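Each remark here refers to the structure printed beneath this line.
The values are calculated or read from the model by the stated rules, or taken from the named source; none is laboratory data. Keep in mind that what you see is a predicted model, and the values were worked out from it rather than measured. Using ideal geometry, Cβ is built from the backbone for each residue, glycine included, and neighbour counts are taken over all protein chains shown.
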């Protein structure tokens with residue numbers, strides 16, 4: 001992708017944005033520009049020569065106008081067609097590439113999320129189309145990376161309850177016994193966050209996720225919830241903060257980082273989406289976690305998501 005022009009006369013010098021709407025409109029003015037970007041990024045960096053699967057060699061390709069909505073490039077040696085959108089979320093979609101790219105820009109440039117209804121208004125498509133686009137972007141492009149958190153930074157772990165209105169209190173953890181969904185959050189200070197719905201907040205369920213995501217001997221901070229009692233037995237350096245005693249910070253011991261992430265999620269869902277079903281909650285958590293994890297990326301979240309769409 002071409003470098004961002006930081007001498008853009010439209011942008012204020014005080015702006016901290018790496019990629020503005022003006023940059024997007026200049027780089028992707030129409031559907032043809034989006035298709036050409038996909039072709040160059042996925043197959044032919046010079047716009048002409050690409051690897052032909054049929055010839056099993058690098059050959060010149062030419063683009064011929066066809067009646068197909070998604071244009072292809074043709075090998076000049078054997079006539080094999082390459083489609084830049086094949087294998088991506090854009091494949092077989094009747095929605096223009098320009099609208100797809102713009103939807104991705106909107107979802108990455110917002111802080112608290114953008115509803116399908118707002119996408120419908122911004123893109124000029126039906127609500128069903130807008131919802132499907134957002135759903136695919138969350139579940140295909142914003143999926144959380146597998147594997148454990150790495151590095152020497154400490155980790156904070158906490159659980160939260162997200163979903164519908166709480167009608168009554170059950171026994172045990174606040175939120176249990178209600179129609180809310182339990183969610184586990186694991187964040188490395190100055191690093192990545194992982195968030196996922198869990199079947200319950202019982203010890204066995206939480207420890208299964210923790211052992212998968214947190215390396216042994218890591219310093220771990222939690223509150224006093226009893227499901228975390230065996231972290232020390234599992235080889236973690238475990239410290240607790242006593243929220244029940246109204247203690248929220250004790251030196252380096254606190255869970256403010258993960259609670260800050262929960263604040264973003266809850267305010268975003270309550271203010272933008274209003275309610276999220278248990279069935280689709282993981283997709284929304286993917287969205288918030290992806291933006292959080294990419295918060296320090298200098299290239300801009302949109303450009304990184306766009307590159308991910310080409311894989």
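The residue of segment 236-246 that is surrounded by the fewest Cβ atoms within 10 Å (Cβ to Cβ), among those that are under 31 Å from the mean Cα position of the chain (by Cα) and assigned to a loop (DSSP other than H, G, I, E, B), is 241.
For segment 97-116, check the following and say yes or no: at least one residue is free of Cβ contacts under 8 Å to residues at least 24 places away in the same chain and more than 27 Å from residue 294 (Cα to Cα). There is no residue in segment 97-116 that is free of Cβ contacts under 8 Å to residues at least 24 places away in the same chain and more than 27 Å from residue 294 (Cα to Cα).
Take the residues in segment 30-54 that are without any contact (Cβ under 8 Å) to a residue 12 or more places away in the chain and assigned to a loop (DSSP other than H, G, I, E, B), then tell me which one is surrounded by the fewest Cβ atoms within 10 Å (Cβ to Cβ). The extreme case among them is 46. In the set (1) more than 30 Å from residue 19 (Cβ to Cβ); (2) out of contact with any helix residue (DSSP H, G or I) (no Cβ under 8 Å at 6 or more places or on another chain), residue 238 fails one condition alone, (2).
Within the span defined as segment 170-189, every residue fails to be under 20 Å from residue 297 (Cα atoms), in contact with a strand residue (DSSP E or B) (Cβ under 9 Å, 6 or more places away or on another chain), loosely packed, with under 15 Cβ neighbours inside 10 Å and at pLDDT below 95. For first residues located in segment 201-219 and at positive phi and free of Cβ contacts under 8 Å to residues at least 24 places away in the same chain, partners that are outside any loop (DSSP other than H, G, I, E, B) and buried (at least 17 other Cβ atoms within 10 Å of the Cβ) and lie 6+ apart or on another chain with Cβ distances below 9 Å do not occur. When 263, 232, 275, 250 are checked against the criterion of being surrounded by fewer than 13 Cβ atoms within 10 Å (Cβ to Cβ), under 20 Å from the mean Cα position of the chain (by Cα) and free of Cβ contacts under 8 Å to residues at least 12 places away in the same chain, a single residue qualifies: 263. Restricting attention to segment 283-302, the residues being surrounded by 20 or more Cβ atoms within 10 Å (Cβ to Cβ) and out of contact with any helix residue (DSSP H, G or I) (no Cβ under 6 Å at 6 or more places or on another chain) number 6. Scanning segment 142-156 for residues that are modelled with pLDDT under 90 and either buried (at least 18 other Cβ atoms within 10 Å of the Cβ) or assigned to a helix (DSSP H, G or I) (or both) yields a single hit, 149. For segment 55-67, taking the residues that are modelled with pLDDT of 95 or more and surrounded by 13 or more Cβ atoms within 10 Å (Cβ to Cβ), the one that is nearest to the chain's Cα centre (by Cα) is identified as 61.
Those helices (runs of 4 or more DSSP H) of segment 89-141 in which 3 or more residues are within 17 Å of residue 31 (Cβ to Cβ) and modelled with pLDDT of 95 or more occupy 97-109. For segment 72-88, taking the residues that are assigned to a strand (DSSP E or B) and out of contact with any helix residue (DSSP H, G or I) (no Cβ under 9 Å at 6 or more places or on another chain), the one that is nearest to residue 52 (Cα to Cα) is identified as 75.
Being in contact (Cβ under 8 Å) with a residue 40 or more places away in the chain and either surrounded by fewer than 19 Cβ atoms within 10 Å (Cβ to Cβ) or not in a helix (DSSP H, G or I) (or both) is a description that applies to residue 307. For residue 86, the conditions (1) surrounded by fewer than 18 Cβ atoms within 10 Å (Cβ to Cβ); (2) over 23 Å from residue 42 (Cα atoms) are fulfilled apart from (2).
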